[in-house]
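Here's the structure we're looking at; comments come further down.
The values are calculated or read from the model by the stated rules, or taken from the named source; none is laboratory data. As the structure is a computational prediction, the values presented were derived from the model and not from experiment. Note that we place each Cβ from the backbone using ideal geometry, even for glycine, and neighbour counts take in every protein chain shown.
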């Protein structure tokens, strides 16, 4: 066994070499920075992104997952990738529970009868034929509901009235979405007959309720759940303030109907030097059904497609592959993102850098990153290119990868967060006003410029950004 010291020495050399490679600084060559700057400037005057989202919302319209337009949306994406000249276009199957919305009505029955404008929430149960009438019990917060006794809730319709306010980074949505997802589940466990909330939205004077998914995972545990428009929530609260019992009737024809297999649609611009290494960008192709899914998330799909198209039009292909992913069914549980991460987890190290656009089309104003220490300099190079179009680099914040690609980031993919101006985003999010007229073509062009420039620089970088299984397990990034 005299060869053991030799093997040990060799092993140490390999380990040291691997560590040195991991710590090697990543740099973006000057020529790539110059090309990215040119891409940025070209994109700022280009309307490709706007034309793509106009095409999607006009030719397909609303795209609820598993609904009548789901296949049409996928067919549109495949055709659009090919029209834009992507080298490779393919799909990857995604299976998920099928939830359907057929009709929805609500009304205050007593003490002052009047109709309510509401919308059923994803994974809500339907009401019995003829509807459900029950007394409303109001809670001031999600924490208050968590502390409630079953006796206070059983057989009643629970209501929480948290009001979101406009914020540039949209941070109130953290609580608004928690009340929408967690609240119905808690109410069900306490024996509630139904659940209502003030819409997770910031429009103040519009009777357009905002839908969204609940946290129900077992249809047997689901109860009827719906969101009220802000004016209707105000009305309900005024009536509750009289101190008299308030009864509401819900009539929701919605519910689970088996399962459905859709697909992520993927287009690639093949890298000439490292074709198996990818820069991953994208958006989600599905949308909720009241509007046409323009800002959520037709814009994200269009931004990524247009960025890829601009890179494809360069005289030479990038060194690494640009992979654009139009994810399936983000809205009801990140199904496309989770399927992608599960399939591509073995290829985590081949994912150079990634992020998804899923916060509308307002201008990107902040960039943050989760990369290895040796790649921070490359991120700073990107920041210098993006600064002239209004993007500030926040070195203290991690990058999360966006909604669907957060799942790949959790596997260890290096990731950016490119924060858009969401001041008015939640006026239209998940409601009937999510339509093309809410998109400013100039803002859209700035988004495309950001995505094209960063993607190209990542593809041309000398070195990697630290993607490896479990590399960012302590990240704690929140989108």
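Could you tell me which numbered condition residue 116 fails, if it satisfies all but one of (1) surrounded by 13 or more Cβ atoms within 10 Å (Cβ to Cβ); (2) under 20 Å from residue 432 (Cα atoms); (3) under 26 Å from the mean Cα position of the chain (by Cα)?
Looking at each condition in turn, residue 116 falls short on (3).
In the same structural domain as residue 280 (by TED's automatic domain parsing) and in a helix (DSSP H, G or I): does that describe residue 433? Don't jump to the end; show me each part of the working.
Working: in the same structural domain as residue 280 (by TED's automatic domain parsing): yes; in a helix (DSSP H, G or I): no.
Here the answer is no, as residue 433 does not meet what is asked.
Yes or no: residue 354 surrounded by fewer than 24 Cβ atoms within 10 Å (Cβ to Cβ) and touching a residue at least 12 places away in the same chain (Cβ under 8 Å)?
Details: surrounded by fewer than 24 Cβ atoms within 10 Å (Cβ to Cβ): no; touching a residue at least 12 places away in the same chain (Cβ under 8 Å): yes.
Spelling it out, it is not the case that residue 354 is surrounded by fewer than 24 Cβ atoms within 10 Å (Cβ to Cβ) and touching a residue at least 12 places away in the same chain (Cβ under 8 Å).
Does segment 214-230 contain any residue that is touching a helix residue (DSSP H, G or I) at 6+ places or on another chain (Cβ under 6 Å), part of a loop (DSSP other than H, G, I, E, B), outside the structural domain of residue 107 (by TED's automatic domain parsing) and crowded, with 24+ Cβ neighbours inside 10 Å?
No, because not a single residue in segment 214-230 is touching a helix residue (DSSP H, G or I) at 6+ places or on another chain (Cβ under 6 Å), part of a loop (DSSP other than H, G, I, E, B), outside the structural domain of residue 107 (by TED's automatic domain parsing) and crowded, with 24+ Cβ neighbours inside 10 Å.
Report yes if some residue within segment 339-351 is assigned to a helix (DSSP H, G or I), under 22 Å from residue 428 (Cβ atoms) and out of contact with any helix residue (DSSP H, G or I) (no Cβ under 7 Å at 6 or more places or on another chain); otherwise report no. Walk me through it before giving the result.
If we filter segment 339-351 for residues that are assigned to a helix (DSSP H, G or I), which is where we start, we get 339-350.
From what's left, under 22 Å from residue 428 (Cβ atoms): none.
No, there is no match, as no residue in segment 339-351 is assigned to a helix (DSSP H, G or I), under 22 Å from residue 428 (Cβ atoms) and out of contact with any helix residue (DSSP H, G or I) (no Cβ under 7 Å at 6 or more places or on another chain).
Applying the selection to segment 236-272, what residues are in contact with a helix residue (DSSP H, G or I) (Cβ under 9 Å, 6 or more places away or on another chain) and within 30 Å of residue 463 (Cα to Cα)?
Here is the first cut: in segment 236-272, the residues in contact with a helix residue (DSSP H, G or I) (Cβ under 9 Å, 6 or more places away or on another chain) are 246, 248, 255-256, 260, 262-269, 271.
264, 265, 266, 267, 268, 269, 271, listed by residue number.
Could you please give the count of residues in segment 399-429 that are under 18 Å from residue 351 (Cα atoms) and out of contact with any helix residue (DSSP H, G or I) (no Cβ under 9 Å at 6 or more places or on another chain)?
So in segment 399-429, the residues under 18 Å from residue 351 (Cα atoms) come out as 399-418.
Right, trim to out of contact with any helix residue (DSSP H, G or I) (no Cβ under 9 Å at 6 or more places or on another chain) and you get 417.
Residues that pass the stated criteria total 1.
How many residues does segment 301-338 hold that are out of contact with any helix residue (DSSP H, G or I) (no Cβ under 9 Å at 6 or more places or on another chain), surrounded by fewer than 24 Cβ atoms within 10 Å (Cβ to Cβ) and part of a helix (DSSP H, G or I)?
Summing the residues that are out of contact with any helix residue (DSSP H, G or I) (no Cβ under 9 Å at 6 or more places or on another chain), surrounded by fewer than 24 Cβ atoms within 10 Å (Cβ to Cβ) and part of a helix (DSSP H, G or I) in segment 301-338 gives 1.
Take the residues of segment 148-173 that are without any contact (Cβ under 8 Å) to a residue 40 or more places away in the chain and assigned to a helix (DSSP H, G or I): which is nearest to residue 216 (Cα to Cα)?
Within segment 148-173, the match that is nearest to residue 216 (Cα to Cα) is 153.
Looking for whichever is within 25 Å of residue 62 (Cα to Cα), modelled with pLDDT of 95 or more and within 19 Å of the chain's Cα centre (by Cα) here; the options are 177, 229. Which one fits? Steps first, answer last, please.
Numbers: 229 fails: within 19 Å of the chain's Cα centre (by Cα).
Just one listed residue meets the conditions, 177.
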